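Taking it in order: structure first as structure tokens, then the write-up.
The values are calculated or read from the model by the stated rules, or taken from the named source; none is laboratory data. Note that the coordinates shown come from a computational prediction; the quantities given were computed from them, not determined experimentally. Using ideal geometry, Cβ is built from the backbone for each residue, glycine included, and neighbour counts are taken over all protein chains shown.
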Amino acid sequence: MTDPATPKYKRVLLKLSGEALMGDSPFGIDPSVIHRLAEDILSLRSMGVEIGIVVGGGNIFRGEGLAKAGMDRVTGDQMGMLATVMNGLAMQDVIEQRGLEVRVMSAVSIPSVCESFIRRRAIRHLEKGRIVILVGGTGNPFFTTDSGASLRAIEIQADIMIKATKVDGVYDSDPVKNPNALRFEHLTYNHALDQRLAVMDATAIVLCRDQNMPMMVIDIHAPNNLVRAIQGEPVGTLVTSEELLK
């Protein structure tokens, strides 16, 4: 029998949306949320899991929304990238309070605030047991942090990408609007693309599909969900490429 404390995945990339950090607040960061996340991350490290984290910035700025309000899209996206840096620094602080080593690495060069992202250095940090928080998206406008998460998961050779959201998986329709919506326990990236399911944006999905990067969508607000997911429990929706299903 498998030891329940043994993780199924050795190296993971956790994608946290900015909205997930808000909790019940209308904007910004809910301290109770990031402290609870830090406790989950501490639990994973005690199991020997290597952890990379990509954070979004939608709780502070969203470039696409600013562009719709009349701002230049590139400028708006650059503001959004800086918002992810702010979230990453907040996560670094609460995780370090628990005695773990953390490195914030940015796709946007801010050397006086955090390290610039260098793939080999990020992998070395992970190998040394450090938590690596990856901010700044891809460093380019017009790309979402979902795409940035897919890219970083592939680059650091993660075993799986965990997308932490406010819902407990992927549904065939909006569960808020449709009480009979069906939740998938397992689906392929091609199915998600064909049915336009709300998993990630198309660029992120294609990246994961083409590089055989599995992803799990979970409800980050459910107690111990992150730990249970890393132990291999079916707490959300597992999304894989067709090649992995054969």
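Of everything in the range 127-166, what is charged (D, E, K, R), in contact with a Phe, Trp or Tyr (Cβ under 9 Å, 6 or more places away or on another chain) and within 17 Å of A83 (Cβ to Cβ)? Give them in sequence order. Within the range 127-166, none qualify. The single condition from (1) closer than 24 Å to I51 by Cα; (2) among the hydroxyl-bearing types (S, T, Y); (3) at pLDDT below 90 that S173 fails is (1). Restricted to the range 206-218, and to residues there that are assigned to a helix (DSSP H, G or I) and without any contact (Cβ under 8 Å) to a residue 60 or more places away in the chain, the residue that is surrounded by the most Cβ atoms within 10 Å (Cβ to Cβ) is C208. The residues of the range 207-246 that are over 19 Å from A164 (Cα atoms) and among the aliphatic types (A, V, I, L, M), listed by number, are L244, L245. Among the residues of the range 115-159, those that are within 19 Å of E50 (Cα to Cα) and β-branched (V, I, T) comprise I118, I123, I131, V132, I133, V135, I154, I156. Only one entry in V104, V113, V108 is in a strand (DSSP E or B) and touching a Leu at 6+ places or on another chain (Cβ under 8 Å), namely V104. What helices (runs of 4 or more DSSP H) completely inside the range 1-72 contain at least 2 residues that are within 18 Å of the chain's Cα centre (by Cα), buried (at least 19 other Cβ atoms within 10 Å of the Cβ) and modelled with pLDDT of 90 or more? The helices (runs of 4 or more DSSP H) meeting that bar are 31-46.
Taking first residues from the range 67-95 that are within 19 Å of I34 (Cα to Cα) and partners that are of a type in the set (F, W, Y), the Cβ contacts under 7 Å between residues at least 6 apart in sequence or on separate chains come to A83/F61.
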